[in-house]
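A quick write-up on the structure given underneath.
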Amino acid sequence: MSKKNAILHFHNDEIELPILTPTLGQEEIDVSTLGSHGAFTYDPGFLSTASCESKITYIDGGKGVLLYRGYPIEQLAEKSSYLEVCYLLLHSELPKADELAAFKTAIHKEMSVDESVKNIIRAFKPTAHPMAMLTAAMAGLAGVYHGTIDITKAEDRLDAAIKLIAKMPALAAMCFRQSQGKDFIDPCEDFTYAENFLHMLNGEDNKPSETLCNAMDMIFMLHADHEQNASTSTVRLAGSTGTDPFAAIAAGVTALWGPAHGGANEAALNMLESIAEVSRIPEFIEKAKDKSDPFRLMGFGHRVYKNFDPRAKVMQQICADVLKETDNNDAEIFKVAMDLAHIALEDEYFIERKLYPNVDYFSGITQSALGIPNNMFTVIFALGRSVGWIAHWHEMLSSPYKIGRPRQLYMGYGKRNYV
């Protein structure tokens, strides 16, 4: 860390604030002592505020860079697997062959779900949103393991991480099958992580095809972590109170549910369904350009990535492979999706505003081609992101930390007397 200081002139004081130099990225001014000088910073949406120090994920939105523990997402997508990435996020280094084998064995041993948690999901009506079921199921895990996890011990935290990663495919599949009015399916010892998820989702005894399993594994990997986003920040904030890890993750699930965050891929598919036909694309392009029209292109652009989403480039090829494998290339909805993406990448209006197709756009199309309904997309996002959430929770508790307590700019009444 650098010992440079920034000077803030506040009233008649000259306040020195340390300038922190990260491994990568912009310098950051440490304003943690401002309160003792009678001032707080004001930053709605935390657009310019670093809430923590982390060594897990780095994003350069201007250059379209995403690194997990220093490794570019493109390299991991080409050479790695989701469980290998899980190990990387939790342990800082890629696993050796024996370490990965042991990690996979530990995951498989913890895949089964307690009957009490199954009953929580069964209590929901099929019409309930699967994310509501997943939130309740996560709280159920907190009940199952209450009092058995000492969050001050690294080994207990890593054991909780294993349990979470292992049970998420079963929980996600149960949410889907409950919404379909179908019985739950247990995991199979001989199947890989992605194979097990598709098996528990669809109930087929035969192994799903390599293309479809690879697509699912890639969706998990590309969503595994994304720095201090809304849901990860929520997990950290909840975890800073010392709460149970599964309770903190439940908070993250609810934060992910929103259409501006994890629900973006569901919103993108809903948009494509509203367009319905290729012939109507020009009409909706004009609506998107009309500021007075409430219609917006969903799945285009990104709050962080300003030029392109590196995950989208990987997901676009996976999407093409799945459409071919499932004979969906000629389906009207997918023609609409691909034509709309092509137009957005060439139209000056969208280029100037950096409205390019993002990972949510292509992952939503891919999941739809796999026969997964729109309301399950965010559940699958949560499945992939669960390792990122628990890795950040583990990292926070591995060092001294403080309970999160944001400040506010109060603009209400001053003190007044009751009459």
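The values are calculated or read from the model by the stated rules, or taken from the named source; none is laboratory data. From a predicted model like this one, the values you see are computed outputs, not experimental measurements. Reconstructed Cβ throughout: ideal geometry from the backbone, glycine too, with neighbour counts over all protein chains shown.
Please verify whether region 386-403 includes one or more residues that are in contact with a Phe, Trp or Tyr (Cβ under 8 Å, 6 or more places away or on another chain), closer than 22 Å to Leu256 by Cα and not aliphatic (A, V, I, L, M). No, every residue in region 386-403 fails to be in contact with a Phe, Trp or Tyr (Cβ under 8 Å, 6 or more places away or on another chain), closer than 22 Å to Leu256 by Cα and not aliphatic (A, V, I, L, M).
Once region 77-130 is narrowed to residues that are part of a loop (DSSP other than H, G, I, E, B), of a type in the set (A, V, I, L, M) and touching a residue at least 60 places away in the same chain (Cβ under 8 Å), the residue that is farthest from Ala312 (Cα to Cα) is Val113. If only residues of region 339-386 that are in a helix (DSSP H, G or I) and among the aromatic types (Phe, Trp, Tyr) are counted, the one that is nearest to the chain's Cα centre (by Cα) is Phe381. Might you check whether a residue that is under 22 Å from the mean Cα position of the chain (by Cα), among the β-branched types (Val, Ile, Thr), farther than 26 Å from Gly239 by Cβ and at pLDDT 90 or above occurs anywhere in region 45-66? Yes, region 45-66 has at least one match.
Somewhere in region 321-328, is a residue modelled with pLDDT under 90 and assigned to a loop (DSSP other than H, G, I, E, B)?
yes
Flag not set for Gly263, criterion: small (Gly, Ala, Ser) and at pLDDT 90 or above. May I ask you to list the residues in region 214-230 that are farther than 14 Å from Leu89 by Cβ and either touching a His at 6+ places or on another chain (Cβ under 6 Å) or surrounded by fewer than 20 Cβ atoms within 10 Å (Cβ to Cβ) (or both)? Matches in region 214-230: Asn214, Gln228, Ala230. Of all residues in region 194-207, one or more are at pLDDT 95 or above, in a helix (DSSP H, G or I) and among the acidic types (Asp, Glu). When Ala268 is tested against (1) aliphatic (A, V, I, L, M); (2) more than 30 Å from Ala160 (Cβ to Cβ); (3) surrounded by fewer than 19 Cβ atoms within 10 Å (Cβ to Cβ), exactly one condition is not met: (3).
To keep it simple, each residue is scored yes or no on (1) out of contact with any Cys (no Cβ under 6 Å at 6 or more places or on another chain); (2) among the β-branched types (Val, Ile, Thr); (3) surrounded by 17 or more Cβ atoms within 10 Å (Cβ to Cβ); (4) within 21 Å of Leu383 (Cβ to Cβ).
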site	(1), (2), (3), (4)
Leu297	yes, no, yes, no
Ala312	yes, no, yes, yes
Ile318	yes, yes, yes, yes
Ile351	yes, yes, no, no
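The residues of region 125-180 that are among the basic types (Lys, Arg) and either surrounded by fewer than 22 Cβ atoms within 10 Å (Cβ to Cβ) or within 28 Å of Tyr401 (Cα to Cα) (or both), listed by number, are Lys125, Lys153, Arg157, Lys163, Arg177.
Residues in region 162-208 that are touching a Ser or Thr at 6+ places or on another chain (Cβ under 9 Å) and over 24 Å from Ala106 (Cα atoms): Ser179 only.
None of Thr241, Thr326 is under 30 Å from Pro406 (Cβ atoms) and either hydroxyl-bearing (Ser, Thr, Tyr) or loosely packed, with under 13 Cβ neighbours inside 10 Å (or both) except Thr241.
Which of the numbered conditions does Met133 fail, given that it passes all the others? Conditions: (1) touching a residue at least 12 places away in the same chain (Cβ under 8 Å); (2) closer than 16 Å to Leu164 by Cβ. All conditions are met except number (2). For region 78-88, the criterion of being of a type in the set (Phe, Trp, Tyr), over 20 Å from the mean Cα position of the chain (by Cα) and surrounded by 14 or more Cβ atoms within 10 Å (Cβ to Cβ) is met by no residue. For region 387-398, a tally of residues being small (Gly, Ala, Ser) and assigned to a helix (DSSP H, G or I) returns 2.
For the condition touching an Asp or Glu at 6+ places or on another chain (Cβ under 6 Å), within 30 Å of Ala166 (Cα to Cα) and in a strand (DSSP E or B), Ile19 does not qualify.
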